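Quick notes on the structure that follows.
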Amino acid sequence: MTSAEAEIESSAERSVIRNLVATMHPSRRRRTNAINTRATAAVAILVLVLLATLAAADELKVMTSGAFAAAYLEIAPQFAHATGHKVITEATSMGTAENGIVARLARGEAIDVVIVTSGDLEGLIKNGRIRAGTRVDLARSAIGIAVRRGAPKPDISTVDALRRTLLQAKSIAYSSSVSGVYLSTELFQKLGIADQVLPKSRKVEGGQRVGTVVARGEAEIGFQQISELVPIPGIDVVGPLPAEVQRVSVVSAGIGAHARHPEVARRFIEFLASPAAIAAIKKSALEPMLVPVPH
């Protein structure tokens, strides 16, 4: 059947229906018209509900530092599936210069949720980049060491063993974020080997992961938050620093000063801090912190 024929047939059907309704008894005709009106109203309500649902599905913009990236990337789709809100990942590392999280927030970007170390978050709150009173601590993160896949694993079981490993290593890589700052400005000095170790050490910048540098063979050993080392292919994680010289960071979340969807942001942070997120957090070598969420 051609489209023209279909239109003629449809028109004919409508004409037959109108004629039948016209020949009905007035009371029956009124009932038929009422049914049609109710059906039309039901369709209209259904459309309005659908439009309201679509309007309620806000797009949530999130920035996270590398320490929580692996856990976040697993948890975010769960939240999106449960709520219908779309979670847009704007950053998965602190970054540097104009592309870093701090610089982008300073430019006034409308970011709903920011996940960084507690020290960095407090600095952002002080500078007015994150809303005061919205900080929620999510996990603890420890520093670890990695080598290229298949390479001998050095002994770092004690402070003395770590010192020997650092002195014997041909090259060392560390991050530009909190773990790298600690290593290069405190740990090496505390071990009394800064003069010997710093000249053969490389700070990894530009959004690169230390593990990636080690996997390429550009550094014999690498230091970073264990949660940032674990997802990198081509490396073996040796383990954490000895407890005596370990520096544990707290990863926290807060709502951006220019957040467009602060209520949804609060719900997302609640989800990150809930029992539903524990498995993903542990899987990424972080220690979850279940703490009350401010309302």
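The values are calculated or read from the model by the stated rules, or taken from the named source; none is laboratory data. In this text, all values refer to a predicted model and were calculated from it rather than measured experimentally. Using ideal geometry, Cβ is built from the backbone for each residue, glycine included, and neighbour counts are taken over all protein chains shown.
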(message) Here is a check on your reading of the model: is residue 209 modelled with pLDDT under 95 and of a type in the set (Lys, Arg)?
(response) yes
(message) assigned by TED's automatic domain parsing to the domain that holds residue 169, buried (at least 19 other Cβ atoms within 10 Å of the Cβ) and touching a Ser or Thr at 6+ places or on another chain (Cβ under 8 Å): which single residue out of 226, 235, 255 fits that description?
(response) 226
(request) Would you tally the residues in region 203-249 being of a type outside the set (A, V, I, L, M, F, W, C), touching a residue at least 40 places away in the same chain (Cβ under 8 Å), over 15 Å from residue 170 (Cα atoms) and not in a loop (DSSP other than H, G, I, E, B)? (result) 10
(message) Looking only at residues that are touching a residue at least 24 places away in the same chain (Cβ under 8 Å) and part of a loop (DSSP other than H, G, I, E, B) in region 96-111, which one is nearest to residue 203 (Cα to Cα)?
(response) 96
(message) If I filter region 81-95 down to residues being crowded, with 16+ Cβ neighbours inside 10 Å and in a loop (DSSP other than H, G, I, E, B), which single residue comes out as modelled with the lowest pLDDT?
(response) 95
